[in-house]
Each structure stands twice: as structure tokens, then as C-alpha cells.
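**Student:** I'd like to ask you about the structure that follows.
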Amino acid sequence: MFGNAPAFFLQWGITALSLWVSSYVFSGIKFETIPSLVISALLLGFANAILRPLLVLLTLPLTVLSFGFFLLVINALMILLVSSLVRGFSVSGFWTALFASIFIAVLNLLIGSFFGGGSGPVEPPSGGGKWL
């Protein structure tokens with residue numbers, strides 16, 4: 001039942017760390033307390049898991065026309081949504097959220113790869129199947 005709990009807590013911690021670092025890099029991002037940082041990381045994870053796929057699906061034509069760059073706008077909107085829901089977390093504006101979302105995504109990728117968040121190498125199918 002709790003087999004994915006360690007991976008969940010690791011991702012939560014990585015997101016919290018990325019948000020904390022971004023608050024030092026970008027002057028427009030502020031956290032008043034540590035609980036607001038932790039709650040923001042948790043809520044950002046839920047928003048990215050639940051709302052983001054819906055938004056990506058609804059804006060698919062715009063995403064295709066912009067060659068995927070509209071996904072950056074969706075990421076920024078997720079950060080702005082979380083900042084509007086969590087007391088003690090503030091983002092000064094859209095452009096700060098946009099650049100911070102890029103920074104947070106890259107930092108999450110780097111820290112996640114350091115902790116071995118990947119699934120490992122792909123193995124060929126069992127039973128004598130052939131790769132095409």
C-alpha cells in the first residue's frame with residue numbers, strides 16, 4: 001500500500017528544495033514561513049499531477065501551434081495558482097513565475113537525477129521478442 005511513499009516524499013523534498021532555492025534566485029518569490037514552503041511544494045505537486053494534464057489536454061492545439069512553448073505558460077500558471085492558495089507564499093507576477101518555473105524544472109531534474117530518480121536502463125522484452 002505504501003510502496004511508493006519513499007519516492008513521493010523524495011519528490012516532495014526535491015520540489016521544496018527547488019522552491020526554496022528559487023526564492024533566493026528570484027526576488028519576486030517569497031516564503032514567509034517554512035510550513036508555507038512545505039505546503040506550497042505539496043500543493044504544487046498535486047496541481048502538476050491533477051490540473052496540469054487537464055490544462056495540457058485542453059490547450060493542445062495552442063501547444064502544438066507554439067511548438068510546445070505554451071507548456072511553459074501552463075507551468076507558470078500552476079505556480080501562480082499555488083501562490084494564490086497558500087498564505088505565506090507570494091509571486092510578484094507572471095514573468096517571475098515563468099522564469100521561476102523553468103528554473104524549478106531544471107533544478108528538479110538535476111537534483112532528481114542525483115538521487116537516482118530515473119527508472120534505469122530499458123531492457124529488451126522477455127520471451128525472445130525483437131526490437132524494431
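The values are calculated or read from the model by the stated rules, or taken from the named source; none is laboratory data. Bear in mind the structure is a predicted one, so any value in this text is a computation, not a measurement. Note: ideal-geometry Cβ built from the backbone for every residue, glycine included; neighbour counts use all protein chains shown. Areas reflect the complete protein model, heavy atoms only, side chains present, ligands, DNA and RNA absent. Shrake-Rupley method; radii C 1.70, N 1.55, O 1.52, S 1.80 Å.
**Student:** Looking at region 38-73 only, could you name the residues that are over 18 Å from F99 (Cβ atoms) and not in a helix (DSSP H, G or I)?
**Tutor:** T59, F67
**Student:** Would you be able to say whether some residue in region 53-60 is loosely packed, with under 15 Cβ neighbours inside 10 Å and in contact with a Ser or Thr (Cβ under 6 Å, 6 or more places away or on another chain)?
**Tutor:** So far as region 53-60 goes, no, none of its residues is loosely packed, with under 15 Cβ neighbours inside 10 Å and in contact with a Ser or Thr (Cβ under 6 Å, 6 or more places away or on another chain).
**Student:** Between a residue in region 91-103 that is assigned to a helix (DSSP H, G or I) and any residue that is of a type in the set (G, A, S), which pairs come within a Cβ distance under 7 Å, given they are 6 or more apart or on different chains?
**Tutor:** Note: pairs meeting the criteria are F94/A76; T96/G28; A97/A76; L98/A76; A100/S22; S101/A76; F103/S22.
**Student:** In region 76-90, which residues are surrounded by fewer than 18 Cβ atoms within 10 Å (Cβ to Cβ) and of a type in the set (S, T, N, Q)?
**Tutor:** Once the filter is applied, which keeps residues that are surrounded by fewer than 18 Cβ atoms within 10 Å (Cβ to Cβ) and of a type in the set (S, T, N, Q), region 76-90 yields S84, S90.
**Student:** Quick one: which residue in S22, S27, S40, S36 is open to solvent by less than 40 Å² (accessible area, probe 1.4 Å) and farther than 14 Å from L85 by Cβ?
**Tutor:** Numbers: S27 fails: open to solvent by less than 40 Å² (accessible area, probe 1.4 Å); S40 fails: farther than 14 Å from L85 by Cβ; S36 fails: farther than 14 Å from L85 by Cβ.
After applying the criteria, what remains is S22.
**Student:** Let me ask something additional. Pick out the one residue from V38, V25, V82, V64 that is touching a Leu at 6+ places or on another chain (Cβ under 8 Å) and on the phi < 0 side of the Ramachandran plot. Steps first, answer last, please.
**Tutor:** Working: V38 fails: touching a Leu at 6+ places or on another chain (Cβ under 8 Å); V25 fails: touching a Leu at 6+ places or on another chain (Cβ under 8 Å); V64 fails: touching a Leu at 6+ places or on another chain (Cβ under 8 Å).
The match here is V82.
**Student:** Considering every residue within region 17-24, establish whether at least one is closer than 20 Å to S92 by Cα, among the β-branched types (V, I, T) and out of contact with any Ser or Thr (no Cβ under 7 Å at 6 or more places or on another chain).
**Tutor:** Within region 17-24, one or more residues are closer than 20 Å to S92 by Cα, among the β-branched types (V, I, T) and out of contact with any Ser or Thr (no Cβ under 7 Å at 6 or more places or on another chain).
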